[in-house]
Each structure stands twice: as C-alpha cells, then as structure tokens.
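The values are calculated or read from the model by the stated rules, or taken from the named source; none is laboratory data. Just so it is clear, the structure is predicted and the values come from calculations on it, not from any experiment. Counting neighbours? That spans all protein chains shown, and the Cβs are built from the backbone with ideal geometry, glycine included. Side chains are part of the model used for accessible areas, which takes the heavy atoms of the whole protein and leaves out ligands, DNA and RNA. Shrake-Rupley method; radii C 1.70, N 1.55, O 1.52, S 1.80 Å.
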Amino acid sequence: MTPARPPTTAEELRGAGLRVTAARVALLETVRAGDHLGVADLACGVRARVGHISLQAVYEALHALTAAGLVRRIEPAGSPARYEGRVGDNHHHVVCRSCGAVADVDCARGEAPCLTASASHGFSIEEAEVVYWGQCPACSTAPST
C-alpha cells in the first residue's frame, strides 16, 4: 500500500473553500517558505513567482488565507503584521527588541490553551498567545555603538 501523498497547495485552497489562483498559490507557498514575513516581503516573493501583483491584492489574499485557517497573522507590539504557515497549534513567539527577528516557541505545557488564566471572566478560553521579548543571538553579541 502506497502512503498518501500530501495535498498540493491548490488542493488545500479548494479544501478550504477558496478559489485557486496563481497569486494565492504563490502567496501560500511564499508564506510557508518564509520566516514570519511582512506584507512587503511576501509581495516580493509572490512577484518573483508570478509577476506583477498589487499590494492590495496581496492584502486581500492574506485576509482570505487567514480567515480560512491556512495562514496565521501575528502582530507583535510595535511591529507590522507578519504571517506564518504554522497553523493549527498553540505555539508562541520570541521577538528580538533590536532587529525584530521572530522565532516560534512551542507551548511550555501541554495542549491549547497551555496556560491557565488567573480569571476567565466567564469566557471559554481556547488559546493563549504569548510573546517573549529579548535579544536574538546576532544582536546580543553585536558590539554596542
């Protein structure tokens, strides 16, 4: 018995109820190949794959991909929105205060929400979002000016 192959990007888009376009395929693949990229970097990546695409079209496609759960939007305080392809888990992020580099951090304990709020105020809590701040290795070893 042959193992099932993973779905293609186009199949994932269809499965999420989205129309398949070259721009959406290129954008989803660019998000997944990148590392917490902002919109400008994503637009450059899409343009390298399919040619011209407007920034507005990139924003609209990101909105659709995020709403469909194929892409995750993060917005660390003081930073523009960034996008990642790691979805469906309750991981967190570490952000460099100097250069803005972002990396994934797995939950410290168990399954989502992986943290217990001191008070729920009647909410049914499903997810915890934690951002750790500090210096990345490159910035922490760079000579100060």
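Checked against the criteria, Leu62 does not count as over 30 Å from Cys139 (Cα atoms), touching a residue at least 40 places away in the same chain (Cβ under 8 Å) and crowded, with 17+ Cβ neighbours inside 10 Å.
Take segment 80-120 and flag every residue that is part of a loop (DSSP other than H, G, I, E, B), among the small types (Gly, Ala, Ser) and surrounded by 12 or more Cβ atoms within 10 Å (Cβ to Cβ).
First, pick out the residues of segment 80-120 that are part of a loop (DSSP other than H, G, I, E, B): 80-81, 85-91, 97-101, 106-120.
Next cut, among the small types (Gly, Ala, Ser) only: 81, 85, 88, 98, 100-101, 108, 110, 112, 117-120.
Listed by number, the residues that qualify are Ala81, Gly85, Ser98, Gly100, Ala101, Ala112.
Tallying residues that are on the phi > 0 side of the Ramachandran plot and either modelled with pLDDT under 75 or within 19 Å of the chain's Cα centre (by Cα) (or both) within segment 103-145 yields 2.
Please enumerate the residues belonging to segment 13-29 that are more than 16 Å from the chain's Cα centre (by Cα) and either β-branched (Val, Ile, Thr) or open to solvent by less than 50 Å² (accessible area, probe 1.4 Å) (or both).
Narrowing segment 13-29 to residues more than 16 Å from the chain's Cα centre (by Cα): 13-23.
Of everything in segment 13-29, those that are more than 16 Å from the chain's Cα centre (by Cα) and either β-branched (Val, Ile, Thr) or open to solvent by less than 50 Å² (accessible area, probe 1.4 Å) (or both) turn out to be Leu13, Ala16, Leu18, Val20, Thr21, Ala23.
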